[in-house]
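Step one of this worksheet: look at the structure below.
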Amino acid sequence: MIIQKTREEIELMRESALIVSKTLGMIAKEIKPGVTPLHLDKLAEAFIRDHGAVPSFLGLYGFPNSLCMSPNAQVVHGIPNNRPLEEGDVISVDCGAYKNGFHGDHAYSFEIGEVAPETKKLLQITKESLYVGIREFKIGNRVQDVGNAIQKYTEAHGYGVVREFVGHGLGQKMHEEPEMPNYGKKGRGKLFVEGMVVAIEPMINIGNRNVKQLKDGWTILTADGKPSAHFEHDVAIIDGKPELLSTFAYIYDALGIESNEEDEFRKVPLKI
């Protein structure tokens, strides 16, 4: 069952999403060669709690940390460890925060120093596909319209679209209906309705789409050992159109990046 949110509930969700956004912005200032994922995880937990929230992932289904950190060939659900990040790595940082009864949940793939040109392009196309998908999240469309748009955009560049893991509805629970796959056929799936809130999150491989799981029961890897990218936003349907609740603006501010990619999905400019 799809749980529609009131405007008041959406504003509470925006607050949770922005705590995640600010956490990722803090991470952007700290992430560099020599830093360990476990150190960043501890910083994130303290930051989330300092902002009056609790880490959504910590203990969720038994997950042991506050961040999912998935470097290089890891796709999602990587467990932070003490292996220092190295020049040329890429790493997906997925974060959740729970406040006022609602979750925020989104992710960004970071470049560590100078990365290979083909990997940099993977990250660029994956992030672009996120917005391609968000444009289809509107009244009159269905779930697979979003997935179809993401799939067509990324496969046109020769990339593999992960099938086993998908986006999802978001609210008082971390995972609500509907599932939001990054592939599909236009016109299929549940119809979008006013007040829906979902996490759209393309997981795209530079090689084929196949994945495997480590023995830790969490970490998902590309089967061919090639890099993967992962970006995620929280989006609500307001007045029939998609509106972002999360933002990468805090990351861009930390990294000195100028971008207007989110402007079309905001009624009011975001103040940083």
Taking a ≥ b ≥ c as the square roots of the eigenvalues of the Cα gyration tensor of the range 54-165, is the shape rounded (a/c under 1.5), prolate (a/b larger than b/c) or oblate? oblate
Note, N65: beta-carbon cut-off 15 Å, +1 each Lys/Arg, -1 each Asp/Glu, net -2
Sticking to Cα atoms, compute the Rg of the chain to one decimal and its Dmax as the biggest Cα-Cα distance, whole number, in Å. 17.0, 48
Could you work out Rg/(2.2 N^0.38 Å) for the range 169-252, with Rg from alpha carbons only? 1.30
Expressed in nanometres to one decimal, the distance between label points 7 Å along Cα→Cβ at A254 and E194 is 3.8
Is the range 131-184 rounded, prolate or oblate when judged by the Cα gyration tensor, a ≥ b ≥ c being the square roots of its eigenvalues, rounded requiring a/c under 1.5 and prolate requiring a/b larger than b/c? oblate
If R0 is 30 Å, what FRET efficiency do you get for N100 and Q124 from their C-beta distance, rounded to 0.05? 0.30
Before anything else, pin down the relative contact order of the chain: Cα pairs under 8 Å, at least 6 apart, normalised by residue count, whole percent. 23
How long is the gain from N81 to N210 if the chain were fully straight, where each residue apart is worth 0.36 nm and the alpha carbon distance is subtracted? 44.0 nm
Expressed in nm to one decimal, what extension gain is obtained for the pair K267 and E179 from 0.36 nm per residue of sequence separation less their Cα-Cα distance? 29.0 nm
Per DSSP H run of n ≥ 4, the term is -39500 (n - 2.57); total these for the chain, divide by its residue number, and report the mean residue ellipticity at 222 nm rounded to 500 deg cm²/dmol. -9000 deg cm²/dmol
Give me the net charge for the shell around G34: Cβ to Cβ below 14 angstrom, other residues only, Lys and Arg +1, Asp and Glu -1. -2
Integer Hz, Karplus 6.51/-1.76/1.60 couplings in order for the range 238-247, x for Gly and Pro: 10, 6, x, 10, x, 10, 6, 9, 9, 7
In percent, how large is the relative contact order of the range 19-176, given Cα pairs closer than 8 Å and 6 or more residues apart? 19
Cα-Cα pairs above 22 Å in the range 1-94: how many percent? 33
Please turn the phi angles of the range 172-189 into ³J(HN,Hα) values with the Karplus equation 6.51 cos²θ - 1.76 cosθ + 1.60 (θ = phi - 60°), one per residue in order, whole Hz, x for glycine and proline. 5, 10, 5, 10, 10, 6, x, 5, 10, x, 9, 8, x, 10, 4, x, 10, x
Would you work out what percent of the accessible area of the range 25-146, with all protein chains in place, is carbon or sulfur (probe 1.4 Å)? 50
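The values are calculated or read from the model by the stated rules, or taken from the named source; none is laboratory data. Just so we're clear, the structure is a prediction, and the values are computed from it rather than from any experiment. Backbone-built Cβ (ideal geometry, glycine too); neighbour counts: all protein chains shown. For accessibility, only protein heavy atoms count, side chains too; no ligands or nucleic acids. Shrake-Rupley method; radii C 1.70, N 1.55, O 1.52, S 1.80 Å.
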